[in-house]
Amino acid sequence: MNFAPYTQAEHFFGHNTPHRLAEEFGTPLYVYNEQILRQRCRELLNLSDHPGFGVNYSVKANANLTLLKIIKEEGLVVDAMSPGELYLDTLAGYTPDEILYISNNNTPDEMINALAQNLLVSVDSLDQLDLLGQLATGGRVMVRFNPGIGQGHSEKVITAGKKTKFGILPEDLPKVLDLVKKYDLTLAGVNQHIGSLFMEPTGYVSAAKVLLDLCATLPKNILANLTVIDFGGGFGIPYHKHDGEARLDMQALGHSLTELIKDWSAAYNYTGRFLVEPGRYVVAESSVLLGQVCATKFNGLTHFTGTDLGFNVLMRPVLYDSYHEIEVYPRVEPSGEPFPQTITGNICESGDILARDRLLPPLTRGDFVVVLDTGAYGFSMASTYNQRQRPAEVLINTDGQAKLIRRRESLTDLTACFNNLE
Ligand code: LLP
């Protein structure tokens, strides 16, 4: 049996093997594939041929500088939700007109920082709109609305509807307009984000229509100044690859979206931009996480395959019960039939479980484990819990060669912020 069907079919590792990569760069290791990353960028850009259509990559999914530069080369623009993301966007070469500041609960200092860099700043509460008005009277603003339709793979990532903290309710539009007038602001953009991970287009397109219907109610003089309408992200990827889970139908999504925005633009004489704002779709499938088996044990009930992939390295399974396919690269031909194994990491918590009851061949210390689809919210959510340093990142470029794009953290990185080392 082939226990690495996806990575092998994709030639994911180029001219390398997991074994060679582990030898050269160590484990845990995030391995990225440039070809797949570029391919996903192109699929997104091809969603619509409408002249104002664009793709705004949501940097929170992965902010590695090398990847940001590739994404820029492909023609995507970016968001920033914090001073840190803004800093990295700028280092990657994005200019203020290519960055939307889409954040929430900003301190005055954070908002001043974004405004000082001439960014269009999205506010998602009347209170933050008031703050922006005070800080940038006479300036521009973008407003995030809550369309009431939420979608996501976990309640923790549904970002619209009345249960969530995000966005301004459509019924508060008159209050928005009052503040816009009070501070002599130009409402230059509107945005929304309904949540993370949908696998079929209907909800997203319906929510886009809600936002457009709302824009249609804007007074004519306000609508005339609107230059950006951003429908948000959430585009899902098939995490159940071994079961042949269907992909999101990008053609159907693109078709519905294009019809909607073309008709609306014609009806309201709108010549500005329409953005989608995916994070996961851009980067998730371009990366796998490589680790090694450190110990196996049977505790009378469960067979544990212990690895160096703790939840400090990949948090999604523990935080959201997320499913990631596991592939394995044993060093020698496994002896014996596959059997259910629970894959754990090396963190001191019993919840440190990467995957449960996966049918895998007998594994022994030093065999390699590969976790699929880790490019989005993998490294970006990694931590140094248990004082384990964050891993290195390697890119397999389009020639199949491996290049280090972030070094592994060192022990002195752990102490870099202490001031009492002597
Ligand atoms: N725009 C805004 C305003 C967002 O808050 C997000 C994600 C996105 C765009 C991009 O969403 P995407 O296309 O990646 O679904 N850590 C979670 C996902 C959290 C998403 C947070 N916001 C996970 O690992 O599934």
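Descriptive notes on the structure:
- Scanning region 190-221 for residues that are away from the ligand (no atom under 16 Å from the Cβ) and among the polar types (S, T, N, Q) yields a count of 4.
- In region 15-26, the residues that are farther than 19 Å from N346 by Cβ and either assigned to a helix (DSSP H, G or I) or among the acidic types (D, E) (or both): H19, R20, L21, E23, E24
- Out of E325, E285, sole residue that is among the charged types (D, E, K, R) and touching a strand residue (DSSP E or B) at 6+ places or on another chain (Cβ under 8 Å): E325
- Selection from region 364-422 of residues that are among the basic types (K, R) and assigned to a strand (DSSP E or B): K403, R406
- The residue pairs whose first member lies in region 211-222 and is free of Cβ contacts under 8 Å to residues at least 12 places away in the same chain, whose second member is among the charged types (D, E, K, R) and not in a helix (DSSP H, G or I), and whose beta carbons are closer than 6 Å, counting only pairs six or more residues apart or on different chains, do not exist in this structure.
- Residues of region 222-260 classified as β-branched (V, I, T) and more than 16 Å from the ligand (Cβ to nearest atom), total: 3
- Residue, farthest from the ligand (Cβ to nearest atom), within region 312-331, restricted to residues that are over 17 Å from the mean Cα position of the chain (by Cα) and open to solvent by less than 30 Å² (accessible area, probe 1.4 Å): V328
- Pairs with Cβ under 6 Å, 6+ apart, first in region 152-172 and more than 19 Å from Y204 (Cβ to Cβ), second open to solvent by less than 30 Å² (accessible area, probe 1.4 Å): I168/F145; L169/N146
- Every residue from region 261-294 that is part of a helix (DSSP H, G or I), away from the ligand (no atom under 16 Å from the Cβ) and either farther than 23 Å from L120 by Cβ or small (G, A, S) (or both): K262, D263, S265, A266, A267
- No other residue among V283, V370 is farther than 30 Å from T258 by Cα and surrounded by 19 or more Cβ atoms within 10 Å (Cβ to Cβ) apart from V370.
- For region 213-225, the count of residues that are surrounded by fewer than 18 Cβ atoms within 10 Å (Cβ to Cβ), under 17 Å from M142 (Cβ atoms), of a type in the set (G, A, S) and modelled with pLDDT of 95 or more is nonzero.
- Restricting region 98-116 to residues that are among the hydroxyl-bearing types (S, T, Y) and touching a strand residue (DSSP E or B) at 6+ places or on another chain (Cβ under 8 Å) leaves a set whose member that is nearest to the ligand (Cβ to nearest atom) is S103.
- Test for C348: is it in contact with a helix residue (DSSP H, G or I) (Cβ under 7 Å, 6 or more places away or on another chain), among the hydrophobic types (A, V, I, L, M, F, W, C) and either within 29 Å of F198 (Cβ to Cβ) or open to solvent by 40 Å² or more (accessible area, probe 1.4 Å) (or both): yes
- Of all residues making up region 173-212, the number that are open to solvent by 20 Å² or more (accessible area, probe 1.4 Å), aliphatic (A, V, I, L, M) and closer than 30 Å to Y239 by Cα: 4
- R140 being closer than 22 Å to L187 by Cα, within 10 Å of the ligand (Cβ to nearest atom) and touching a residue at least 12 places away in the same chain (Cβ under 8 Å): no
- Matching residues in region 375-389 - criterion: being polar (S, T, N, Q) and near the ligand (Cβ under 10 Å from one of its atoms): S380
- In the set (1) open to solvent by 30 Å² or more (accessible area, probe 1.4 Å); (2) of a type in the set (F, W, Y); (3) part of a helix (DSSP H, G or I), the condition left unmet by F166 is number (3).
The values are calculated or read from the model by the stated rules, or taken from the named source; none is laboratory data. Remember, predicted model here, so these are calculated numbers, not experimental data. Using ideal geometry, Cβ is built from the backbone for each residue, glycine included, and neighbour counts are taken over all protein chains shown. SASA here: full protein model, heavy atoms, side chains in, ligands and nucleic acids out. Shrake-Rupley method; radii C 1.70, N 1.55, O 1.52, S 1.80 Å.
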